[in-house]
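Reading through the structure tokens given below for one structure.
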Amino acid sequence: MVSPIQKFLITWSLTLVASWLTLKALSYVGGLISLLLTAALIAFLLNYPVTALKALLPRSIAAALVYIFSAVIVALLLVTLLPPVINQARQLIINFPGLLEHAQETLARFQVWSNEHNLPLDVEFLTSQLLKRVQAIAGSSAKTGVNVVLGTFDWVVGFILILVISFYMLIDGDRLWNLLTGILNPIIQTELTAALRRNLQQFVTGQLLLGLFMAVTLTCAFWLLNVPFFLLFAVFIGLMELIPFIGATLGIGTVTIVVLFINVWLAFDVLIVSLVIQQVKDNLIAPKLLGNLTGLSPVLIFVALLIGAKVGGLLGVILAIPLTGAAKSLAEVISDPMLPPQTGSFFRNPLQRERRVLEIGGED
């Protein structure tokens, strides 16, 4: 006879082992998972206007129109926004040696000042370490550039596959989802579908709006502060905002370090203004857009981010939080003693459905 404690330990041991084996298996197909997740995310975002048009047009025609309209909007944004961002990035790369030399001169003056005031600071050591780090990054960037050139064909093929797969997901997404989840109990299937839709819609749209807010407000603020490459820095922080919880902080820290090479006091202004705008976003705007999305502790959230990065890369990090929220909602249903699987019916029983059909036929 197995005691309740033994049953508990055996159940959770098997769960942990199965989870570890699943992560190991998924790590070998991380590229494929990222491709499918990207296509599914595009189809999910475009499904709302398609659903609105479905009352007027067939779904395939509505999907094609929404897809074409979205492609035109994205193309216009890229044509208007991408050239100045690329131009500022190119200017930053060209001027970086001069900025580095200016930073060395500033550090040398600071070393003289620290010596005059008998401060135990070795700025020369910090400078040498900084130069080594910059050289290492430059060498890595050169290697990465070669790899990017060599992998351009794979990138183009992957991009085409994402567009094609997302289009067919947009047309047959509901039927495909019902096929994949059809083995589950109807209660579990319904709750899983609702939880994924609710968490993905709230989180993804919220993160996109927060990233847009950071990019727009920081563009205006950096322009008023006369920050060089202001558009590049603002767009970079806005894109980093898509990474949950830590993205904006990492983006602000990176931009502040780069501006330090230009002007120390300007870097201080950039840091203060960015942090103020970030606090406005976190305390006033984010609660209205995201609310208490998952109800999870910060530890579990960071664990979810690490697992998402391991399995799906950057996109896995972005989707880790809404998927965790959906898993939490599903776990609440599963743990209810009045609902499956506590009642022994986690999966759909085809024999029971066939028996029900026979009973209805017998009554007729």
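Restricting to segment 279-291, count the residues that are within 18 Å of the chain's Cα centre (by Cα) and either aromatic (Phe, Trp, Tyr) or assigned to a helix (DSSP H, G or I) (or both). The total comes to 4. Only one entry in Leu130, Leu231 is in a helix (DSSP H, G or I), surrounded by 15 or more Cβ atoms within 10 Å (Cβ to Cβ) and at pLDDT below 75, namely Leu130.
Take Ile252 and decide whether it is assigned to a helix (DSSP H, G or I) and surrounded by fewer than 18 Cβ atoms within 10 Å (Cβ to Cβ).
Numbers: assigned to a helix (DSSP H, G or I): yes; surrounded by fewer than 18 Cβ atoms within 10 Å (Cβ to Cβ): no.
No, not satisfied.
Of the residues Leu200, Leu180, Leu163, Leu196, the single one that is assigned to a helix (DSSP H, G or I), at pLDDT 80 or above and aliphatic (A, V, I, L, M) is Leu163.
Only one entry in Thr11, Thr22, Thr38 is modelled with pLDDT under 85, open to solvent by 60 Å² or more (accessible area, probe 1.4 Å) and within 26 Å of Leu176 (Cβ to Cβ), namely Thr22. Among the residues of segment 238-249, just one is of a type in the set (Val, Ile, Thr) and not in a loop (DSSP other than H, G, I, E, B), namely Thr249. In this structure, Phe268 qualifies as open to solvent by 50 Å² or more (accessible area, probe 1.4 Å) and among the aromatic types (Phe, Trp, Tyr).
The values are calculated or read from the model by the stated rules, or taken from the named source; none is laboratory data. Here the structure is a predicted model, which is why all the values come from computation and not from measurement. Note that each Cβ is placed from the backbone with ideal geometry, even for glycine, and that neighbours are counted across all protein chains shown. For the accessible areas, the whole protein counts, side chains as well, though only heavy atoms, and no ligand, DNA or RNA atoms are used. Shrake-Rupley method; radii C 1.70, N 1.55, O 1.52, S 1.80 Å.
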